[in-house]
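Just dropping this structure here.
The values are calculated or read from the model by the stated rules, or taken from the named source; none is laboratory data. For clarity, every value in this text was computed on a predicted model and none was experimentally measured. Ideal geometry is used to build each Cβ from the backbone, glycine not excepted, and the neighbour counts take in all protein chains shown.
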Amino acid sequence: MYETDKKEEGIKTLTKALAYVNYKPSIFDERARMYSEMENFDLAINDFTQQINLCNDKKHCDYRSRGLTYLRMNQQEKAIADFSLQMKYSPEPFDYISRAKAYKALWKFKAAEADIAKARKMSTATGLEDF
């Protein structure tokens with residue numbers, strides 16, 4: 001209960017801040033994360049979308065977090081689209097693994113296997129542990 005109260009207070013504070021500076025992507029991003037942790041996914045998606053719309057440099061837009069939220073909502077196609085955008089601008093092995101999860105949920109096993117292979121290749125090329 002305490003943790004939930006703390007998050008609700010944080011959301012209130014961020015909402016007040018947005019009344020004064022509604023052009024800061026980071027505020028929307030932070031509030032979206034709190035909404036997501038509280039499993040209020042629709043509001044999280046709205047704020048992640050605001051963050052993306054306000055983002056000037058696509059390399060720093062957080063398609064990944066919105067994609068993860070879509071995964072939690074079982075909206076696999078939307079998750080795949082967001083992970084694909086994240087990979088276009090700032091690819092990480094985690095994005096390929098996350099997209100593979102969405103592909104598996106849709107029974108697209110070849111696409112999932114291709115993403116896992118790409119993630120493994122990226123992780124060994126960068127010195128990360130193989131999974």
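Would you mind stating whether Leu71 is aliphatic (A, V, I, L, M) and within 13 Å of the chain's Cα centre (by Cα)?
yes
Mind telling me which of the residues Glu3, Glu8 ends up being under 21 Å from the mean Cα position of the chain (by Cα), farther than 17 Å from Asp62 by Cβ and among the acidic types (Asp, Glu)?
Result of the check over Glu3, Glu8: Glu8.
Considering only residues that are of a type in the set (Ser, Thr, Tyr) and modelled with pLDDT of 95 or more, look in segment 90-117 and name the one that is nearest to the chain's Cα centre (by Cα).
Applying the filter and picking the extreme gives Ser98.
Looking at Ala44, is it surrounded by 15 or more Cβ atoms within 10 Å (Cβ to Cβ) and within 30 Å of Thr124 (Cβ to Cβ)?
In short, no.
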